[in-house]
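Working notes for the structure below.
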Amino acid sequence: MDRFISINQKRLNYLLLFISFLVYFKIFWFLYSYITFSLLSLPLEATTILDIIFLFIFFLTFIPCSFFIKSILLKFLSR
C-alpha cells in the first residue's frame with residue numbers, strides 16, 4: 001500500500017535549494033583548501049589572487065550546481 005505525505009512544493013524547493021547550496025559550498029571550499037594549502041606552497045600575494053579567482057568561479061557555478069544537486073535530491077526523495 002502506497003502512502004503519500006502532503007507537502008508544500010514551494011517550501012520543499014526552497015529547502016532543497018538551500019541544502020544543495022550548502023553541500024556545494026562545503027565540497028567547493030574543501031577542494032579549494034586542499035588545492036591551496038596541501039598541493040601549493042605560495043606566497044601570501046599569490047594566495048590572495050587565487051582566493052579571488054576561486055571566489056569568482058564559485059559565484060559563476062553555484063546556481064547551476066545547486067540546481068543539479070537539488071534535482072538529484074528530488075529523485076532520491078521521490079523513490
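Within the stretch 15-31, can one find any residue that is modelled with pLDDT under 80, surrounded by 14 or more Cβ atoms within 10 Å (Cβ to Cβ) and among the hydrophobic types (A, V, I, L, M, F, W, C)? Looking through the stretch 15-31, none of the residues is modelled with pLDDT under 80, surrounded by 14 or more Cβ atoms within 10 Å (Cβ to Cβ) and among the hydrophobic types (A, V, I, L, M, F, W, C). Quick check on the stretch 12-34. Is at least one of its residues without any contact (Cβ under 8 Å) to a residue 24 or more places away in the chain, of a type in the set (K, R) and assigned to a helix (DSSP H, G or I)? Checking the stretch 12-34: at least one residue is without any contact (Cβ under 8 Å) to a residue 24 or more places away in the chain, of a type in the set (K, R) and assigned to a helix (DSSP H, G or I). For I7, the conditions (1) over 18 Å from the mean Cα position of the chain (by Cα); (2) assigned to a helix (DSSP H, G or I); (3) not small (G, A, S) are fulfilled apart from (2).
The set of residues in the stretch 43-63 being open to solvent by 80 Å² or more (accessible area, probe 1.4 Å) and either under 28 Å from Y14 (Cβ atoms) or of a type in the set (A, V, I, L, M) (or both) consists of L44, I49, I52, I53, F56, F59, L60, I63.
Taken as a whole, the condition of being modelled with pLDDT of 85 or more and loosely packed, with under 12 Cβ neighbours inside 10 Å does not apply to K10. Of everything in the stretch 32-42 that is within 21 Å of the chain's Cα centre (by Cα) and not aromatic (F, W, Y), the residue that is surrounded by the most Cβ atoms within 10 Å (Cβ to Cβ) is T36.
The values are calculated or read from the model by the stated rules, or taken from the named source; none is laboratory data. Not measured: the values here are computed from a predicted model. Note: ideal-geometry Cβ built from the backbone for every residue, glycine included; neighbour counts use all protein chains shown. For the accessible areas, the whole protein counts, side chains as well, though only heavy atoms, and no ligand, DNA or RNA atoms are used. Shrake-Rupley method; radii C 1.70, N 1.55, O 1.52, S 1.80 Å.
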